[in-house]
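Okay, so here's the structure we're looking at.
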Amino acid sequence: MLSDKELLERDKEILLKAIGNVVKRERLKRKIGINKFSYEFDIGNGLLSYLEKGVSDTKITTMWKLANVFEMKFSDFVRLVEMELPKDFNFCG
């Protein structure tokens, strides 16, 4: 049985992976390499790389900026992330 802390870490990892999958998929749809993307949209290369790998937490302002870069509403970006998550996902962080 996992402790509450372990459950929280597991759920955080699942959520970050979902965000990373969306960011990477949307970037690749535009056929832009990570270096060019980070330069053109002023998002740190390292941050973007870690974000896409799902190993870095990020600020809501960065996610909002990414939604704008992908020419979508923030709510649509969040909806894409939700679609990446397991149906029974519940993050209690």
Restricting attention to region 32-93, which GluC sites (Glu not before Pro) occupy a DSSP loop and are surrounded by at most 12 other Cβ atoms within 10 Å? E71
Taking a probe of 1.4 angstrom, what is the accessible area of I60 in Å², to the nearest 10? 100
Explain nothing, just compute: Karplus ³J(HN,Hα) = 6.51 cos²θ - 1.76 cosθ + 1.60, θ = phi - 60°, for every residue of region 69-81 in order, whole Hz, x for Gly and Pro. 4, 7, 6, 9, 5, 4, 4, 5, 4, 4, 4, 4, 5
Accessible carbon and sulfur surface of region 1-83 relative to its total accessible area, %, 1.4 Å: 56
What FRET efficiency comes out for the pair F41/M1, r = Cβ-Cβ distance, R0 = 30 Å, nearest 0.05? 0.10
Dividing the convex hull volume of the alpha carbon atoms of region 1-42 by its residue count, what do you get in Å³ per residue? 76
In whole Å and largest first, what semi-axes does the C-alpha gyration tensor of region 48-92 yield when each eigenvalue is scaled by 5 and square-rooted? 18, 15, 9
Straight distance only, please: which lysines reach the Cα of K65 with their own Cα at less than 29 Å, same-chain residues fewer than 8 apart left out? K12, K17, K24, K29, K31, K36, K53, K73, K87
Using θ = phi - 60° and the Karplus curve 6.51 cos²θ - 1.76 cosθ + 1.60, what whole-Hz ³J(HN,Hα) does each residue of region 31-39 get, with Gly and Pro shown as x? 6, 10, x, 5, 5, 5, 4, 5, 5
So if each residue of separation counts as 0.36 nm, and I subtract the Cα-Cα distance between F91 and R79, what length gain in nm does that give? 2.8 nm
Given 25 °C, 0.890 mPa s and a Kirkwood radius over Cα pairs, the Stokes-Einstein diffusion coefficient of the chain in µm²/s is 178
Residue-wise, which Karplus ³J(HN,Hα) couplings in Hz belong to region 14-24, taking 6.51 cos²θ - 1.76 cosθ + 1.60, θ = phi - 60°, and x for glycine or proline? 4, 5, 5, 5, 4, 4, x, 4, 5, 4, 5
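The values are calculated or read from the model by the stated rules, or taken from the named source; none is laboratory data. Remember, it's a predicted structure, so these values are computed and weren't measured experimentally. All Cβ positions, even for glycine, are placed from backbone atoms using ideal geometry, and neighbour counts span all protein chains on display. These accessible areas exclude ligands, DNA and RNA; they are computed on the full protein's heavy atoms, side chains included. Shrake-Rupley method; radii C 1.70, N 1.55, O 1.52, S 1.80 Å.
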